[in-house]
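Heads up: the structure comes next, in structure tokens.
The values are calculated or read from the model by the stated rules, or taken from the named source; none is laboratory data. All figures in this text were calculated on a predicted structure; none of them were measured in a lab. Don't worry about glycine lacking a Cβ; one is built from the backbone with ideal geometry, like all the others, and counts go over all protein chains shown.
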Amino acid sequence: MENNIESTQSKKRILSGIQPSGALTLGNYVGALRNWVQLQKEDIYESYYMIADLHAITVRQEPKDLRKNCMDLLALFIACGLDAEKEPVFFQSHVPAHTQLGWVLDCNTYMGELSRMTQFKDKSRKHADNINAGLFTYPSLMAADILLYQADLVPVGKDQKQHLELTRDLANRFNNAYSDTFKVPEPYIPKIGAKIMSLQDPMQKMSKSDPNENSFILLLDPIDTIVKKIKRAVTDSGSEVCCGEGKEGVENLMSIYSAMTNKTMDEITAEFEGKGYGDFKSAVAESVVDVLKPIQERYADLMKNKDYLESVYKMGAEKANYTARKTISKVYRKVGFIQP
Ligand code: ATP
Ligand code: LTN
């Protein structure tokens, strides 16, 4: 069988993205962004990080808000520690190969597979007045994002696992039908904080589109708001800081504290033995503020330098296009299109 997967690639590759569909939450940071920064520091991967603007319009977006969210997200990626000069950070819409491969994969994805996606079901429920075709085929476009870069690893939160499984199925399906073309990627889901829960309902994921503002912490929330939201977080009628049945609210705060301080759950239980929720919540709030304050300061500085941000995304698009074009021309050739 012809093996066309790039053999010159020396480092393993990473690709991931976040939608510019609103302000980032602590869940996005813990489940995704912070791991991107750590992985980039390890320097054993070549990484591509994108702002998934094409995905964002599967839900109605006000154009001026979308523009603002895109620039905010770019600045936040850098403020959180991504080195955008070293490796590409780019807007998905700046790389036409995403939509090109998205179409080819649409034609290799079954309706039944797409109907099973829980994100589609959730979002159809939330946006019942706009259940559009893009929302339905979103997972094929996400697979295209990943397969274009021949990514080995995709760091995401737990909610994206199902999309990753479909991506792997599509890669294998295409490779079997047309000969080896795509790397089959692995998800990278953190052990701690893979799913940070709502502060108001610990059975629900913390989500930036939750109508209850007390349910999430935004990376750019003012410090006193962060403290207030944590103090108001739902716990239970007991007073023990530990995990277990009925302790979901406390466990969620423990996960946040663990993610912020790198302490294990056992260490946290020991630290707060004999102390009440008041002390615990103060410590959680302090740990979140310690992490977010420097990010907010860097973000404010970056937003004053629009020229720099522009240079970053242009450079990112150039590098991303270079890699993506190689894959899409291979795919077009393999499916039988005449070379232009
Ligand atoms: P929306 O509320 O609009 O559906 P979202 O907050 O779920 O958005 P996405 O842009 O869909 O955010 O997700 C970006 C990344 O953040 C993904 O890797 C996702 O898995 C991760 N993520 C999102 N929410 C959480 C959470 N509560 N805990 C851990 N990871 C999360
Ligand atoms: N589907 C993801 C965002 C996303 C993504 C990607 C993540 C779009 N393309 C490629 C990883 C790799 C979400 O909704 N959180």
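For the condition within 16 Å of ligand 2 (Cβ to nearest atom) and either in contact with a His (Cβ under 9 Å, 6 or more places away or on another chain) or part of a loop (DSSP other than H, G, I, E, B) (or both), what is the one hit in Asp210, Asp236, Asp201? Let's see the steps before the verdict.
Details: Asp236 fails: within 16 Å of ligand 2 (Cβ to nearest atom); Asp201 fails: within 16 Å of ligand 2 (Cβ to nearest atom).
None of the others qualify; the one that does is Asp210.
Taking the stretch 143-161, which residues are assigned to a helix (DSSP H, G or I) and away from ligand 1 (no atom under 11 Å from the Cβ)?
Within the stretch 143-161, the subset assigned to a helix (DSSP H, G or I) is 143-148, 158-161.
Those that are assigned to a helix (DSSP H, G or I) and away from ligand 1 (no atom under 11 Å from the Cβ): Ala143, Ala144, Asp145, Ile146, Leu147, Leu148.
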In the stretch 10-19, residue farthest from Thr58 (Cα to Cα) [restricted to those that are buried (at least 20 other Cβ atoms within 10 Å of the Cβ) and more than 8 Å from ligand 1 (Cβ to nearest atom)]: Arg13
Contacts under 7 angstrom Cβ, first residue in the stretch 40-55 being in a helix (DSSP H, G or I), partner among the small types (Gly, Ala, Ser), 6 or more apart: Gln40/Ser47; Asp53/Ser93; Leu54/Ser93
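A quick yes/no check of all residues on (1) in contact (Cβ under 8 Å) with a residue 40 or more places away in the chain; (2) within 10 Å of ligand 2 (Cβ to nearest atom); (3) surrounded by fewer than 17 Cβ atoms within 10 Å (Cβ to Cβ):
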residue: Lys123; (1), (2), (3): yes, yes, no
residue: Val156; (1), (2), (3): yes, yes, no
residue: Asp159; (1), (2), (3): yes, yes, no
residue: Asn176; (1), (2), (3): no, no, yes
residue: Pro187; (1), (2), (3): no, yes, no
residue: Ala194; (1), (2), (3): yes, no, no
Please go through the stretch 225-278 and pick out each residue that is among the acidic types (Asp, Glu) and within 27 Å of the chain's Cα centre (by Cα). Glu248, Glu251
Among helices (runs of 4 or more DSSP H) lying entirely in the stretch 264-339, which contain 2 or more residues that are within 30 Å of Thr235 (Cβ to Cβ) and at pLDDT 95 or above? 265-271, 277-303
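Among the residues of the stretch 115-129, which ones are farther than 19 Å from Gly17 by Cβ and either among the basic types (Lys, Arg) or modelled with pLDDT of 95 or more (or both)?
Just the residues of the stretch 115-129 that are farther than 19 Å from Gly17 by Cβ, to begin with: 115-116, 121, 124-129.
Ser115, Arg116, Lys121, Arg125, Lys126 - these are the residues of the stretch 115-129 that are farther than 19 Å from Gly17 by Cβ and either among the basic types (Lys, Arg) or modelled with pLDDT of 95 or more (or both).
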Neighbours by Cβ (under 6 Å, 6+ apart or cross-chain): first from the stretch 201-216, closer than 22 Å to Asp236 by Cβ; second within 15 Å of ligand 2 (Cβ to nearest atom) and polar (S, T, N, Q): Met206/Thr25; Phe216/Thr25
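Does Lys205 satisfy being crowded, with 18+ Cβ neighbours inside 10 Å, over 22 Å from Ala23 (Cα atoms) and either of a type in the set (Lys, Arg) or at pLDDT below 95 (or both)? Write out each step before concluding.
On the way: crowded, with 18+ Cβ neighbours inside 10 Å: yes; over 22 Å from Ala23 (Cα atoms): no; either of a type in the set (Lys, Arg) or at pLDDT below 95 (or both): yes.
No: the conditions fail for Lys205.
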Restricting attention to the stretch 94-112, does a residue exist that is within 16 Å of ligand 1 (Cβ to nearest atom), modelled with pLDDT of 95 or more and surrounded by fewer than 20 Cβ atoms within 10 Å (Cβ to Cβ)? no
Give the stretch 11-27 a look and list any residue that's polar (S, T, N, Q) and in a strand (DSSP E or B), or say none. Ser16, Thr25
Of the residues in the stretch 30-79, how many are away from ligand 2 (no atom under 16 Å from the Cβ) and hydrophobic (A, V, I, L, M, F, W, C)? 5
Condition check for Arg34: under 24 Å from Leu309 (Cα atoms), surrounded by 20 or more Cβ atoms within 10 Å (Cβ to Cβ) and among the basic types (Lys, Arg): yes
Could you go through the stretch 40-53 and let me know if any residue there is modelled with pLDDT under 95, over 24 Å from Tyr332 (Cα atoms), surrounded by 17 or more Cβ atoms within 10 Å (Cβ to Cβ) and within 13 Å of ligand 1 (Cβ to nearest atom). no
